[in-house]
Amino acid sequence: MQPQYPGQYPSPQPGYGTAGPAHAVPGGAPNPQLNLNPKQQAMLGEFDLLPGEQIVYTIQGDGFFLGANPAAKAIAALQATLVALTGGHVRIFVVVTNHRIVLVESRQAFCGFRRVKGVQAIALSSLAECGWGRETQWCCIHSRAVHLESKTQRYTLVIKKLGDHALREFVANLSQVLVANAATRTAT
């Protein structure tokens, strides 16, 4: 059983992306009280919750937009439109629970002719770094990104629908985990 970190997620609050606070129901399925649309509920159904595990919050990433460059944003918008017209999608979620961080990805093209699904779990104890950033070009074109780094890999996601305050809360909560990890490593 993974230890509960001191101060870890003391009282989950809404505003962490699309889900807000959530708890698992028996059987590992996401709670229907989440503020998720059916497509997002299906994404959370791609992995099973561990016994006693609760979803703290989710953040949805954007699989097309890679920066604040206006030309790159225009090309990404064109790609997103073409993929949607052909019955495809790109969905990426970061799901933070009280035991782990789960990255869920689903890509589909040509009405399901090509599908890719992936789930990666990162133990909270292996979280080495987290952060967020905002890039602005032409004074009004913004791009926000979050990154997570475990002991073995770095993950960077562009976040399209969250503001600076929600991303600051995301980093503040995961920073408590980082501090607890550092204290645990120095104590041993």
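The values are calculated or read from the model by the stated rules, or taken from the named source; none is laboratory data. These numbers were taken from a predicted model, which means no experiment stands behind them. Don't worry about glycine lacking a Cβ; one is built from the backbone with ideal geometry, like all the others, and counts go over all protein chains shown. Note: accessible area is taken over every heavy atom of the protein model, side chains too, but ligands, DNA and RNA are not part of it. Shrake-Rupley method; radii C 1.70, N 1.55, O 1.52, S 1.80 Å.
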For segment 113-188, the percent of all C-alpha pairs falling in each 5 Å bin, from 0 up to the bin holding the max distance, is 3, 13, 20, 19, 16, 12, 9, 5, 2, 1, 0
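Could you calculate the FRET efficiency of L50 with E135 from 1/(1 + (r/R0)^6), where r is the beta carbon distance between them and R0 is 41 Å, rounded to 0.05?
0.70
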Note to self: with every protein chain in place and a 1.4 Å probe, segment 71-185 gives an accessible area per residue in Å² of 55 Å²
In segment 72-127 the accessible area split gives carbon plus sulfur, as whole percent at 1.4 Å, a share of 62 percent
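Using only the heavy atoms of the protein chains and a 1.4 Å probe, how would L82, L49 rank by accessible area, largest first?
Correct descending sequence by accessible area is L82, L49.
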By accessible area (1.4 Å), largest first, L162, L167, L85 order as L85, L162, L167
Quick calc, V119 & A187: beta-carbon distance into FRET formula, R0 41 Å, rounding 0.05, result 0.80
Once Y155, Y57 are ranked on solvent-accessible area with the largest value leading and a 1.4 Å probe, the list reads Y155, Y57
Classified through the alpha carbon gyration tensor (a ≥ b ≥ c as square roots of its eigenvalues; rounded if a/c is under 1.5, else prolate when a/b is larger than b/c, else oblate), segment 42-133 comes out oblate
